[in-house]
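The values are calculated or read from the model by the stated rules, or taken from the named source; none is laboratory data. All figures in this text were calculated on a predicted structure; none of them were measured in a lab. A quick note on method: Cβ atoms are made from the backbone with ideal geometry, for glycine too, and the neighbour counts reach across all protein chains shown. The accessibility values were calculated without ligands, DNA or RNA, using every heavy atom of the protein model including side chains. Shrake-Rupley method; radii C 1.70, N 1.55, O 1.52, S 1.80 Å.
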Amino acid sequence: MDARPQAFYDQQRVRGAANLTPALFDMVYLMRFAQVPLSTPLIIYGGNLSRRWDEDVAARLTAREHERVLVLEDGLSAWAARGYPVEP
């Protein structure tokens, strides 16, 4: 899950990532993620500027009793630098 603002998400993201920001968390969560099994691993990322957003989204998912919530260290830039798939 990409916790960055929509404009950054639209520019580049991890292939297949959904955009889930703190500002729209409740609405997007209910529409897309409320039925995800609580044991499903959820990886949250962003960039350096949105690091707090990453942690905020992770905390909100944990508060909803998701059991395996992880924050990707160093965000999207580290993912891309390692050659993992991204999409525009």
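Figures for the structure shown
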read-out	value
Qualifying positions in segment 73-87 - open to solvent by 50 Å² or more (accessible area, probe 1.4 Å) and farther than 22 Å from F33 by Cβ	E73, D74, S77, A81, R82, G83, Y84
Residue satisfying condition, being out of contact with any Ser or Thr (no Cβ under 7 Å at 6 or more places or on another chain) and farther than 11 Å from M1 by Cα, within set A58, A17, A78	A78
Condition check for L70: touching a residue at least 24 places away in the same chain (Cβ under 8 Å), more than 19 Å from D10 (Cα to Cα), within 12 Å of the chain's Cα centre (by Cα) and surrounded by fewer than 17 Cβ atoms within 10 Å (Cβ to Cβ)	yes
Filter result for P41 (under 21 Å from E87 (Cβ atoms) and of a type outside the set (D, E, K, R))	yes
Residues that are hydrophobic (A, V, I, L, M, F, W, C) and either more than 23 Å from S77 (Cα to Cα) or open to solvent by 20 Å² or more (accessible area, probe 1.4 Å) (or both), drawn from segment 26-42	M27, V28, L30, M31, F33, A34, V36, L38
